[in-house]
Amino acid sequence: MTVVVEKPVGEDFTSLADPYRRELLAHCYRMLGSVHDAEDLVQETYLRAWRAYDRFEGRSSLRTWLYRIATTACLTALEGRGRRPMPTGLGGPSEPDGALVERAEVPWLEPVPDALVGADDADPAAVVTSRESIKLAFIAALQHLPPRQRAVLILRDVLRFRAAEVAETLDLSTAAVNSLLQRARTQLSQVAPDADGAPSTPALTAEQHDQLDRYVAAFETYDIKALVDLFTAEAVWEMPPFLTWFHGAENIARGIADKCPASGPGDQLMVPAAANGQPAYGLYMRGSDGVHRAFHVQVLTFEGLRLRHVGAFFDTRLFPLFGLPMVYSGPAKPTR
């Protein structure tokens, strides 16, 4: 039986729809793998919804209706596009002393600031769910799914929509939705067995925070040897838009020593941020004029007390999104 939800009368569309903006941005980000594209698609979603609001019959909630519009817009945007990869998805690890290989033309995966997608929400349950479903590994794994499978998996397993709701959203039968979901789960388990988006990771412990302090100190004092003890033996360091990536703690340290333009203590400054429900930093590099300028954004993943993955994103357009200045000149750096 269809339940008709009474449509509010006389209320402004903006005030009704705006509370869903952050979760819709998270949804579009999961679909697209780009925070910039996601922002554009959310704007398009709200424009389409505003234009069609007089035809909204209230047969579903406003939230469900907005998700239908957003999902359709994302699927349209994804037509003819390839996936947004990380360097590890395009080839094997690099030698630490090899040449950097840049591919600026590749539409790389992007990190997303927690503040934009609700991962800093005051509700603890909402924080965990939001944080886990935007983990960088999960977003990267989603990119291996065809767009329609991706949409079904997100709507069912992340947002917990009923199969019938997803079927209506995508103009499919319930049987087709269940089939797509099964295929999506199977493929996801093959490309990233641990990246299922299920809530499981608690907040960082005091010991992990201490490790982050050591990590920052190693960069700012240019103590490359100290970095080795902070990574797992199987750790990965990758840095879009470069195809180059390093595997293993020793190789990561050697690669940083060989490729980093810093030469001594004080050349680099690390300013804390939060991305994809994970610790992150904006790294500033000192130029010959003594000015520290935006260099890259790092997103860190822990395994126990050591780091198992760092994504260093060399895209300075990300700095304003994270509320980070392009030039860092003080006052004293913020602390955790």
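The values are calculated or read from the model by the stated rules, or taken from the named source; none is laboratory data. The structure presented is a predicted model; accordingly, all values stated were derived computationally and were not measured. Cβ placement follows ideal geometry from the backbone for every residue including glycine, while neighbour counts extend to all protein chains displayed.
Among the residues of segment 95-121, how many are within 22 Å of Pro320 (Cβ to Cβ) and outside any loop (DSSP other than H, G, I, E, B)?
Residues meeting the conditions: 5.
One line per residue, one yes/no per condition, for (1) within 24 Å of the chain's Cα centre (by Cα); (2) of a type in the set (S, T, N, Q); (3) within 24 Å of Leu136 (Cβ to Cβ):
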site	(1), (2), (3)
Thr221	no, yes, no
Ala235	yes, no, yes
Phe242	yes, no, yes
Glu250	no, no, yes
Ala262	no, no, no
Arg293	yes, no, no
His296	yes, no, yes
Val299	yes, no, yes
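Could you please find all residues in segment 281-299 being closer than 16 Å to Phe314 by Cβ and aliphatic (A, V, I, L, M)?
Leu283, Met285, Ala294, Val297, Val299, listed by residue number.
Suppose we keep only residues that are more than 15 Å from the chain's Cα centre (by Cα) and not acidic (Asp, Glu) within segment 301-313. Which one would you say is farthest from Pro272 (Cα to Cα)?
Taking segment 301-313 and keeping what is more than 15 Å from the chain's Cα centre (by Cα), we get 302-308.
After this cut, where a residue has to be not acidic (Asp, Glu) as well, the list is 302, 304-308.
Numbers: Phe302: 16, Gly304: 20, Leu305: 18, Arg306: 18, Leu307: 16, Arg308: 19 Å.
The qualifying residue farthest from Pro272 (Cα to Cα) is Gly304.
Please state which of the following conditions Gln182 fails to meet, knowing it meets all the rest: (1) assigned to a helix (DSSP H, G or I); (2) touching a helix residue (DSSP H, G or I) at 6+ places or on another chain (Cβ under 9 Å).
(2)
On the given criteria, is Leu142 in contact with a helix residue (DSSP H, G or I) (Cβ under 9 Å, 6 or more places away or on another chain), modelled with pLDDT of 95 or more, in the same structural domain as Thr88 (by TED's automatic domain parsing) and closer than 21 Å to Val236 by Cβ? Steps first, please.
Numbers: in contact with a helix residue (DSSP H, G or I) (Cβ under 9 Å, 6 or more places away or on another chain): yes; modelled with pLDDT of 95 or more: yes; in the same structural domain as Thr88 (by TED's automatic domain parsing): yes; closer than 21 Å to Val236 by Cβ: yes.
Taking the combined requirement at face value, the residue satisfies it.
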